[in-house]
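First comes the structure, then the notes that go with it.
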Amino acid sequence: MILENNKSVIFSTQLASDVNALLQGVSSERLFILTDTQTKHHCLPLLQSNGALRNAKVYTMPCGDEHKNIETVVNIWKFLGENGGTRHAILINLGGGVVTDLGGFVANTFKRGIRFINIPTTLLSMVDAAVGGKTGINFNGLKNEIGVIHPAQNVVIYPDFLRSLDTQNILSGYAEMLKHGLLSSHEEIKKLNRFNALLPDYTLLASLITTSVAIKADIVAQDPTEKGIRKALNLGHTIGHAFESYSHATNRPILHGYAVAWGLIGELYLSHKLQGFPQDILIETVRFIKENYGVFAISCDDYPALYQYMAHDKKNTTAGEVNFTLLKDVGNIVPNCIVEKEWIFQALDFYRDSVGI
């Protein structure tokens, strides 16, 4: 068990039994489950195999980041209200990052806040979205523009879900693990850069997940509301979110973790040039990303549009300035780095050179 803001992250081997233990004494009338069309089919039967959740009311949302919006939120609010949801209700978010982000936002705003439990079903949600208390939805073309920070009552991680996950989604989550390794130690990032993500050893992966979640939970515990050290978790995300938003705007949608991986290439370059980050770790990590993540094709003509997404990133504190988290070394974090446009364009050049475009 890992404590996160005095809440518990539980690594489960018996999902239904462990969740039922958390819900002991709670009547089924107070229980609601949010899932999507994929997890309803693949994961919900296991969760409802015994205990109180067999009779819980289930709302199923469509799959996809495009549904992480206010319209979906309103529909779930209505479902809760029309099915007896009170301030004593508990919402179980069973799904990937879209479900846990959106479900947490729904729970934190319905009746001014109800309890919720996250059960992440993808690697990305296990190591990132479900842990840390950030909830939110996309708005006006921007990622997670509307949301609140408030942790789940519990996060229940069941690594066996990953055995049915495709390679793309394994890699999407693994990018966040690379980020956590870079925030931690030379030993951890070297271990992550040696992992065979294309033919994963699931026992080893479960161990790496435990460490990755502990790294994030420790950072969150130090700074729950992102006033200081928690900004470290934005590593790779300023460029990464720009790639992700631009991919949707140009009808070439990419997975969040892929965008973060490519963002790490650019931001480690900036870390090396501006903060002296070690070149050997830069080369080793870029090699891993190049070999596993392929390419998001951009040209110099795309730089102004990408820069505009970065300029509108919610992490910026001053209009017209782009704020990065950079590294002096593995685990040596430098938040609040204002980087000029020329350097950002150089980082995009380095990305293109690194992936061979």
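Bear in mind these aren't lab numbers, they're just calculated from the coordinates by the rules spelled out. As the structure is a prediction and not an experimental result, all values here were calculated from the model. Note that each Cβ is placed from the backbone with ideal geometry, even for glycine, and that neighbours are counted across all protein chains shown.
Suppose the Debye formula is applied to equal point scatterers at every Cα of segment 287-357; what is log10 I(q)/I(0) at q = 0.13, 0.15, 0.27 Å⁻¹?
Evaluating at q = 0.13, 0.15, 0.27 Å⁻¹ gives log10 I(q)/I(0) of -0.46, -0.61, -1.18.
Count the DSSP beta bridges whose two residues both fall in the chain, then state the antiparallel fraction as a percent rounded to the nearest 5.
The answer is about 35 percent antiparallel.
Compute the helix-to-body angle for 97-109: its Cα long axis versus the longest principal axis of the chain, expressed 0 to 90° and rounded to tens.
The two axes meet at around 60 degrees.
Using only the alpha-carbon atoms, how far is helix 70-82 inclined from the longest principal axis of the chain? Give it as 0 to 90 degrees, nearest 10.
Helix 70-82 sits roughly 10 degrees off the main axis of the chain.
Could you pull out which residues in segment 280-294 have an amide N less than 20 Å from a spot 7 Å beyond the Cα of Leu199, following the Cα-Cβ vector?
The answer is 288-294.
Using only alpha carbon positions, build the gyration tensor of segment 168-355, then give the equivalent ellipsoid semi-axes as the square roots of 5 times its eigenvalues, largest first, whole angstrom.
Numbers: eigenvalues 114, 78, 48 Å².
Taking √(5λ) for each Cα gyration eigenvalue gives 24, 20, 16 Å.
For each of Asp201, Asp36, count neighbouring Cβ atoms within 10 Å of the residue's Cβ, then give the residues from fewest to most.
Ascending Cβ contact count within 10 Å gives the list Asp201, Asp36.
Under the classification rounded if a/c is under 1.5, otherwise prolate if a/b is larger than b/c and oblate if not, where does segment 1-73 fall, given a ≥ b ≥ c as square roots of the Cα gyration tensor eigenvalues?
It comes out prolate by the Cα gyration axes.
Mind pulling the angle between the C-alpha long axis of helix 167-182 and the longest principal axis of the chain? Nearest 10 degrees, somewhere in 0 to 90.
70
HN-Hα J couplings of segment 38-44 from phi, Karplus 6.51/-1.76/1.60, θ = phi - 60°, integer Hz, Gly and Pro as x?
3J(HN,Hα) across segment 38-44, in whole Hz: 6, 6, 4, 7, 8, 10, 4.
Taking the number of other C-beta atoms within 10 Å as the exposure measure, put Ser271, Ser28 in order starting with the fewest. Before the final figure, lay out the partial values.
Details: Ser271 28, Ser28 13.
Going from sparsest to densest Cβ surroundings: Ser28, Ser271.
Please compare each pair in Lys78/Lys216; Lys191/Lys227; Lys57/Lys111; Lys68/Lys111 to a cut-off of 24 Å on the Cα-Cα distance and tell me which ones are over it.
The pairs that break the limit, which is 24 Å between Cα atoms, are Lys78/Lys216; Lys191/Lys227.
Using a ≥ b ≥ c from the Cα gyration tensor of segment 2-164 (square roots of the eigenvalues), is it rounded, prolate or oblate, where a/c under 1.5 gives rounded and otherwise the larger of a/b and b/c decides, a/b for prolate?
rounded
Which FRET efficiency, nearest 0.05, do Glu342 and Arg87 yield, Cβ-Cβ r, R0 51 Å? Let's see the in-between values first.
Values: r = 52 Å, r/R0 = 1.03.
The formula returns an efficiency of 0.45 here.
Through the Karplus equation 6.51 cos²θ - 1.76 cosθ + 1.60, θ set to phi - 60°, convert the phi angles of segment 212-220 into ³J(HN,Hα) values in whole Hz; use x for Gly and Pro.
Karplus values, whole Hz, x for Gly and Pro: 4, 5, 5, 4, 5, 4, 5, 5, 5.
If we count other beta carbons within 10 Å of each Cβ, what is the order of Ser207, Ser12, fewest first? Display every interim value, and only then the final one.
Working: Ser207 13, Ser12 16.
Ordered from fewest to most neighbouring Cβ atoms within 10 Å, Ser207, Ser12 come out as Ser207, Ser12.
Nearest 0.05, what FRET efficiency do Gln275 and Asn55 give at R0 = 41 Å with Cβ-Cβ as r?
After rounding, the FRET efficiency stands at 0.15.
Along the Cα→Cβ direction, 7 angstrom out, place labels at Cys63 and Gln14. What is the inter-label distance in nm?
Simple spin-label model gives 3.1 nm for this pair.
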